[in-house]
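Report on the structure given below.
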Amino acid sequence: MLLNVEKARKVFGGLVAVNDVTFQVPEKTIISVIGPNGAGKTTFFNMITGIYQPTSGVINFDGKSLIGLRPDEVTTKGIARTFQNIRLFGAMTTLENVLVGRHSRAKTSYLDAILHNSTYKADERAGLLRAKELLEFVGLLDKRDELAANLPYGEQRRLEIARALATNPKLILLDEPTAGMNPQETEATKHLIRRLRDDQGITVVLIEHDMRVVMTISDNVTVLDYGTKIAEGLPHEVRNNPQVIEAYLGRGAAAGEFGKTAEGGEAA
Amino acid sequence: MKHTASLPDRSMLLIASTIISGIIAYVMILQKNNIESYFVTPVVMFFCFNLYFASAWNVSRVAKIVAFVGVLFIGIPMIGFTNSLYLQVAVTICIFAAMSLGLNVVVGFAGLLDLGYAAFFAVGAYLWAIFGGTQANEFIAGNLFPLNGNLVFIFIPIALFVAAGVGALLGLPVLKVKGDYLAIITLGLGEVIRVLANNLNKPINITNGSQGVRIAPNPETSPLAFITVPLSEATGIPFFQMQLTMYYVLVLLVVLAVVIFTSRLDNSRIGRAWVAMREDEVAAQAMGIPLVRTKLIAFATGASFAGAMGVLYAAVIGFINPNDFNFERSTQILAMVVLGGLGSIPGVIFGAAIVVSLNQLVLVEISRVIGLLNLPPRFDPTQYQQLIYGVILISMMIVRPKGLIPAKRNPAKLENLEHGELAKGVK
Amino acid sequence: MSAELFFGLLPITVVDGLSIGLMYAMIALGYTMVYGVLEFINFAHSEIFMVGAVVGVELLVNLLVPTGLHPLFQLVIAIVVAAAVAGALAVAIERVAYRPLRVRNAPKLVPLISAIGMSLLLIDVMRLILNPANPNRPFPTAGSYDFFSQQLDLGFVAINFKTITVFVVVMLMLAGLVYLVNYTNLGRAIRAVAQDQSTSSLMGINVSNIIVLTFFIGGALGGVAGVLYALKYGVASPVMGFIPGLKAFTAAVLGGIGSIPGAVVGGLILGLLETLAGTYLPLMTQDQIGTEYKDIVAFGLLIAILIFKPAGLLGKAVAEKV
Ligand SMILES: Nc1ncnc2c1ncn2[C@@H]1O[C@H](COP(=O)(O)OP(=O)(O)OP(=O)(O)O)[C@@H](O)[C@H]1O
Ligand SMILES: [Mg+2]
């Protein structure tokens, strides 16, 4: 198991946002986490990445505990992420955003930077090469000098993925990577996620509301509701799980969404 | 297209105008005794235009260098031999430009609002004033002081490290707190340093309290005397005027060094981490940037520049007192940074030049006119510098938050990377 | 120092410290209420306090003293006017320097810098108005104002009427504020906006009006504190706001920024501590460490609080939503 979460729990005041969730991610798989709004999916990601410390539970990555680590230390261990509400560095160019992702992998020290010595030059060169490669991978190379804030929405999401990849992760956590995309963009992103695993050998965990995406690319699906894991299994198992249908149907708007997109997934 | 076509002539124009202004300045030195002092002002303005066009126009590199070197290293010192006021202003501009560049690292790059920046300036200034003058004799036996002025070049790096150390020490607890608290805490720290400067005249007299510390001017032992004295003898230019010129060249070189330092940092992993952190702390941390450490580096870098400039300030001005380092000083430097453009290296220098010229030339001139017109002295604008800083800060934030010369991000230079390298997939 | 001297000074030092602390609390309320609603440090608040003080003193000296009314009555009028002016000024500042930035959704640093600019501007405008050659405005002392210097002997301590006035006025204001915030619709609206602006506006609260109101109340409290401060220290001047403003902010953070009871507790603790330090440090060190070091005590406390209990004594730690 690359990632092994046992009985992770997060409480905010009186609210149990994540309730003793156990969750396992084998290497080189694509796992989806789904659930209605407010189910605790993002909070779950935040616990893994060290933004929140779990109230209790175990989180092991590559056999080592992540509990107590700061987010930057978690990143250095090999977990990268994107954010549900895009968090790019708006005043930096597309390319610079990716270069920032290389922070923990680059070796340039303060002195190296001032002296412009060979370490600095080699580092910058390697960084540029990798950034170029990643921008090509997500199809943003020709936008490299544009400020991130000026990119259209769909491209911003892809840039977040490129930036996360620049940290050289073993595991990448994607929080709603297709949110706000049109069908073509969604399709392209789906393809991109597959290539992450197949070409780059990276394990992917994604939070996703679009059931067409979930059903077609996941090796395994975990369902959260009110912070609790209510189902887990292969996509088609989960889709037909009465508890899952109940969780979605129990809530007006979300139910329609699930029903519709689940069928869409079937059609595809 | 029209733009590129006009490139060569503009370059030539700039070079020509630089040379012409240089010749005028030289003639002025020769005709020193026949020239009215008000004639100097238009020449200085001519210089300033040259500098402005050199930075604003899209001209060849050579023309830029000619204009900058010509004006800064030849033109202004020559003016200084005729009229030392402008040279004094230029020295002050350089000192403040270097400090603003330091504060720019903290506020502009890293987005940390530091309102106690003058405290680090004070650390450097007191360091030199105490040991470079006779003050240290008060608490170190043996009548060893003043030290030889040339030791200032050793004190500059010492102050660099001391101020960086003080910055890191103070920053360590402070930088963990939320951004807007930082402003108030640094303000408090600035106050603490001022209180210490004011009160550390007992039990042992270290700072001489509110009276401040003076370094008696002494041609024999002043910094760079070994060059200044023979030069002044050879050229017949009075010693103190020659010394001022030497100081000017010195601070100018320091500004140059600071520009190189900060722009190199800006274009490195460290500078990118600062900007990323400024833009979004959560995302920056998720990219593997350790926040406290990165903030601390920014804070200490800014502090160290201020410390080094403090040493030079004390050496050049020769007298310091606690009020040189109060809140007003910190806001003055902040106003320079904000006016020029947060995070913009040319902008910040420009901001320092404008604020200093405003204070030392424009306001002084207006105040002279007010005196001539017999208006009540309460309307003398030199007393309302805070008002000016206030107006600068508010209006810039509302109208042009990116400053007069907004920071530019550098375009990527990917062209020289070969495709073969890419295929290897450097990681 | 002798135990006799130590204990002899203690009661008056404590009373003094508490009265100063109450004034800090009044100023701190302005910081804390605005912060509660906007998460923004209104840096110009210390100058609103200063304007209140100057307006109050000028009014007394030029208009009220000649009427020959009882000084307490005069003081009440001065306080009311100063509160109104300071409140209105706070609202005007919000309008001119902060709202345009808020509407634009500028990064946090931007309104903060604007606020600092406003603070500098107000100091110098006031100097210009009062004449920089002689900007100090002494609080009246002659004639019937002698009343404030009289002592009330309580046995263990003798307190002058200045201090008593400070106590009474602050208590009344605090009671009024607590009533307003906790027991009126307006107060409920303020609390709602502080908690969640967008939900409040969905519930039909005019958020913009509530923000204006918050600035007005905070400013008015600051203005009252200004008049009391001038009464206690005998003078109002353009630069008087800086240090008390900084202290009051410290008090607000100490108590937990955003918390009204926190501001009061923070103010009292800070006032007490620094007064004790100011009295006893010089005595215990034979004047080698002067009264001025009390400021260092105050900021040391601020830093310590932020390190060890960043949410303050009465504040609640909240995790930022990501
Ligand atoms: N920092 C926090 N403080 C208090 N409550 C929080 C915090 N972060 C999240 N919550 C609460 O925890 C619950 C789960 O939120 P979370 O964002 O994890 O849901 P989600 O499954 O990602 O929902 P969505 O699909 O809308 O993104 C919600 O009720 C939310 O309000
Ligand atoms: Mg979410």
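Laboratory data are not the source of any read-out in this text; all were calculated from the coordinates shown. Because the structure is predicted, anything quoted here is derived from the model rather than measured. Glycine gets a Cβ as well: all are built from the backbone with ideal geometry, and neighbour counts include every protein chain shown.
Cα centroid distance between region C:79-146 and region A:112-131, in Å? Taking the Cα centre of each part, region C:79-146 and region A:112-131 sit 51 Å apart. About its Cα centre, chain B has a charge dipole of approximately 880 debye under the convention of +1 per Lys or Arg Cβ and -1 per Asp or Glu Cβ, with nothing else charged. At q = 0.06, 0.10 Å⁻¹, what is the base-10 log of I(q)/I(0) for the protein assembly as shown according to the Debye formula with one equal point scatterer per Cα and no solvent? Please give it to two decimals. With no solvent term, the Cα-only Debye profile gives -0.54, -1.31.
Label zone of B:Leu200 (point 7 Å out along Cα→Cβ, amide N under 11 Å): in region B:130-169 this covers B:130. A DSSP coil position with no more than 12 other Cβ atoms inside 10 Å describes the following chymotrypsin sites (Phe, Trp or Tyr not before Pro) in region B:48-144: B:Phe139. At an R0 of 60 angstrom, the distance between the Cβ atoms of B:Asn148 and A:His236 translates into a FRET efficiency of 0.10. Computed from Cα positions, the angle between helix C:71-93 and the longest principal axis of chain C comes to roughly 30 degrees. Note on C:Ala133 and C:Gln195: their simple-model spin labels are 5.9 nm apart, each label 7 Å out from Cα toward Cβ. With a Förster radius of 41 Å applied to the C-beta separation of C:Ser144 and C:Tyr179, the computed FRET efficiency comes to 0.80.
Each of C:Leu276, A:Leu3 was scored by other Cβ atoms within 10 Å of its Cβ. Arranged with the fewest first, they read C:Leu276, A:Leu3.
Angle, helix C:242-255 long axis vs. longest principal axis of chain C, Cα atoms, 0 to 90°, nearest 10? With rounding to tens, the tilt is 70 degrees.
How much net charge surrounds C:Lys232 when only other residues with a Cβ under 10 Å from its Cβ are counted (Lys, Arg +1; Asp, Glu -1)? Taking every Cβ under 10 Å from that of C:Lys232, the sum is 0. Whole-Hz Karplus values for region C:103-111 come out as 4, 7, 6, 6, x, 4, 4, 5, x Hz, taken residue by residue from phi with 6.51 cos²θ - 1.76 cosθ + 1.60 and θ = phi - 60°; glycine and proline positions read x.
Okay, which of region C:232-274 sit inside 20 Å, backbone N to the point 7 Å along the Cα-Cβ direction of C:Leu152? What the label zone holds, given the 20 Å backbone N cut-off, is C:232-234.
With just the Cα atoms defining each centre, how far is region B:40-62 from region A:39-99? Give it in Å. About 50 Å separates the Cα centre of region B:40-62 from the one of region A:39-99. Structural descriptor for chain A: relative contact order 25 percent, calculated from alpha carbon pairs under 8 angstrom and at least 6 residues apart. Note on B:Phe39 and A:Asp62: the model spin-label points, each 7 Å out from Cα along the C-beta direction, lie 7.5 nm apart.
Mind checking the angle between helix C:161-183 and chain C's longest principal axis? C-alpha axes, 0 to 90 degrees, to the nearest 10. Value to nearest ten degrees: 20.
A viscosity of 0.890 mPa s and a temperature of 25 °C, combined with the Kirkwood radius over C-alpha pairs in the Stokes-Einstein formula, give region C:3-308 a diffusion coefficient of 123 µm²/s. Look at the stretch B:194-205: the mean tally of other chain Cβ atoms within 10 Å of its residues' Cβ atoms is 3.
Once the Cα-Cα distance is subtracted from the 0.36 nm per residue extended length, the C:Leu283 to C:Val239 segment shows a gain of 13.0 nm. Computed FRET efficiency, Cβ-Cβ of A:Glu246 and C:Arg99, R0 45 Å: what is it to the nearest 0.05? After rounding to 0.05, the efficiency reads 0.40.
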